[in-house]
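Quick notes on the structure that follows.
Quick note: the coordinates plus some simple rules give every number you see, no bench work behind them. Keep in mind that what you see is a predicted model, and the values were worked out from it rather than measured. Counting neighbours? That spans all protein chains shown, and the Cβs are built from the backbone with ideal geometry, glycine included.
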Amino acid sequence: MKFNSKILILFLFLASCKQVQKVSDVITKPSAREVFERTLDDNDSLFKRYEETYTNAKQNHLKLELPSTLNSKSDASDFRVLAYTLNLKRGERFKIESNITADSLQLAIDLFAFENDSVISKKTIISNQPMTNRLEFDVTKTGSYKIVILPNRNNSSNFGLRLFTESTLVFPVSGKDNEAIQSFWGASRGGGSRSHKGVDIFAKRGTPVVAATNGFISNTGNRGLGGKQVWLRDGIFGQSLYYAHLDSIAVSTGERVKVGDTLGFVGNTGNAKTTSPHLHFGIYTKGGAVDPLPFVKLTDRIEFENHSLFMKGETRLRKNELRIGAAVKTDKLQELEQKTQVEIIGKTERWFHLRVNDSLQGFMHESLVKEIE
């Protein structure tokens, strides 16, 4: 009877602890990685192995061009971490998604910023939440970032990832796309006396120009180099969107507008009288003008790819090039001798992401690697 009572008390205690943890999580909102780390609290050696693997992956030199797809497999016997440096531009929305649900395999996804050319911040910018295998981030600073993906090691499962960017604003000329942009940020103007502070989007006279975001009209008028123009404020303290050379204006100062509302019509007023009708589109912040292209550039959607993936392999040739990226044009890390054993971490298109001697990582073309039976 005493034995049964002790079991009951222990059960109630554990149930109570779990309930307290659930309540706490609602308030603190731990990341998927923080939740995963709890499972290692009672095993110091395992936690140390996890830290070493995660740190080594985070500090690797591998780069990934966007958009990209990746295939990998979790390892129930060890930690397998994917980590890549990405170049992101202000105005883009970075997204990473998986083709496997979190109830089948939980992924911990962390995004870090580089403090300088070589030092990565210890603190994450953003992490995914438990029970999700996706993450998105609106880029506010152009630069290098590190994405780190840790699959839960509770089971071995194949999974796919796609990493891509999309615009954060709607394209500002109705019915047009990237091909209509014929003059870009930084182009010479005024015989070299100034540079272009926006992009020019060409279209037929009278084509509607639309609100690229929700906001209010802070100013309109017909003046200066921009001719007939509209200024759209994105929030009270946000950026200002500048629409210039309009043929006519369809809104008034102080008016609130929603995405897609017509603000005016393409023309060539102001200093554009000698050019074909087009919209000069600019974005201004407290720090001045910024390149608007990443904010509005349309990107194609990429689909998941299914690659057959083996975990253990060896190199085929006398010299086998290990590179920092999945392309011949990327820098070479070193050459591996024939029959060097490698661990397959992942694959993107026709390139394997390899790990050698438990620490060195790189990309190698599939033609240089064969499976170990």
Quiz prompt | Label-point separation in nm, residue 46 to residue 65, each point 7 Å along Cα→Cβ | solution = 4.1
Quiz item: So what's the angle, to the nearest 10 degrees on a 0 to 90 scale, between helix 2-28 and the longest Cα principal axis of the chain?
Solution: 20
Quiz prompt | Contour excess over end-to-end distance, with Cα ends at residue 142 and residue 121 and 0.36 nm allotted per residue | solution = 6.0 nm
Exercise. Report the percentage of all Cα-Cα pairs in region 40-96 whose separation exceeds 17 Å, rounded to a whole percent.
Key: 54
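Tell me, what does the Kirkwood hydrodynamic radius of region 178-296 come to in angstroms if you use every pair of distinct C-alpha atoms?
On the way: mean 1/r = 0.0706 Å⁻¹.
Answer for region 178-296: a Kirkwood hydrodynamic radius of 14.2 Å.
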Practice problem: Set Lys and Arg Cβ to +1 and Asp and Glu Cβ to -1, take the dipole of the chain about its Cα centre, and tell me which of 235, 327, 79 lies farthest positive. | Solution: 235
Quiz item: Where does the chain land on the Kirkwood hydrodynamic radius, alpha-carbon pairs, in angstrom?
Solution: 24.0
Quiz item: When the C-alpha atoms of region 307-373 are aligned to their principal axes, what extent does each axis show, in angstrom, from largest down?
Solution: 31, 25, 22
